[in-house]
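The values are calculated or read from the model by the stated rules, or taken from the named source; none is laboratory data. Remember, it's a predicted structure, so these values are computed and weren't measured experimentally. Glycine gets a Cβ as well: all are built from the backbone with ideal geometry, and neighbour counts include every protein chain shown. The accessibility values were calculated without ligands, DNA or RNA, using every heavy atom of the protein model including side chains. Shrake-Rupley method; radii C 1.70, N 1.55, O 1.52, S 1.80 Å.
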Amino acid sequence: MRRRATLLGGAAATAALAGAGLAWWRATPGPPQRVAGPEPDFWTMRFERPAGGAPLAASALRDRPLLLNFWATWCPPCVTEMPELDAFWRRQGESGWRVLALAVDSAAAVREFVDQRRLVLPVALSGSGGFELSRSLGNAAGGLPYTVCFDARGEVSTRRLGAVDAAWLAKLEAPRR
């Protein structure tokens, strides 16, 4: 009887580990993925800015490639990737990629975060509606951080769940052949 219980317990533990491993493998960010398909009404949206003022119109970002990053101040991988995104924005300036860090967070928390880290990349607020927007842009898991890249025509070209890093961003900067 004990042997049977031990065997059943071992089988359950093995199944749990296999399930956890599969979940980890699925959630591990890979290289940029090229995808096709229509984008949602993102380009008609307007987003509040953490410091107030006129809302940011997504349509103003459409003429060049856009890296759209969903993040929050309470998300450790989001906090980790933010300096890389800011550096990417600084390198791209006005001639390369546009960047928008869309915070699923409160204005006060985002203002404090941006000020403390002296970030210059454009930041806007999506509030809790950002989760639904990110899902409509392919984030089936609803996790953060989530990055969507649009080409200059405004079509989704790349998606990534999980923190970006310098190597991944360098692939975006590389000239396309």
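Within the range 63-105, the set of residues being out of contact with any strand residue (DSSP E or B) (no Cβ under 8 Å at 6 or more places or on another chain), among the hydroxyl-bearing types (Ser, Thr, Tyr) and more than 19 Å from residue 159 (Cα to Cα) comprises just one member, 95.
Mind listing whichever residues of the range 128-151 are in a loop (DSSP other than H, G, I, E, B) and in contact (Cβ under 8 Å) with a residue 60 or more places away in the chain? Within the range 128-151, 137, 138, 139, 141, 143, 144, 145, 151 meet the criteria.
Taking the criterion of being part of a helix (DSSP H, G or I) and of a type in the set (A, V, I, L, M, F, W, C), the residues of the range 152-172 that qualify are 166, 167, 168, 169, 170, 172. Residues in the range 90-119 that are of a type in the set (Ser, Thr, Tyr) and modelled with pLDDT of 95 or more: 106 only.
Restricting attention to the range 44-62 and to residues that are charged (D, E, K, R) and either buried (at least 19 other Cβ atoms within 10 Å of the Cβ) or in contact with a Gly (Cβ under 9 Å, 6 or more places away or on another chain) (or both), the residue that is farthest from residue 152 (Cα to Cα) turns out to be 48.
Residue 34 passes every criterion in (1) within 16 Å of residue 149 (Cβ to Cβ); (2) modelled with pLDDT of 95 or more; (3) surrounded by fewer than 20 Cβ atoms within 10 Å (Cβ to Cβ) apart from (2). Restricting attention to the range 90-134, report how many residues are open to solvent by 40 Å² or more (accessible area, probe 1.4 Å), under 19 Å from the mean Cα position of the chain (by Cα) and among the polar types (S, T, N, Q). The qualifying residues number 2. When restricted to residues that are of a type in the set (A, V, I, L, M, F, W, C), outside any loop (DSSP other than H, G, I, E, B) and within 21 Å of residue 111 (Cβ to Cβ), the range 39-57 contains 3. Checking each residue in the range 153-169 for being within 18 Å of residue 91 (Cα to Cα) and touching a residue at least 40 places away in the same chain (Cβ under 8 Å) picks out 164, 165, 166, 168, 169.
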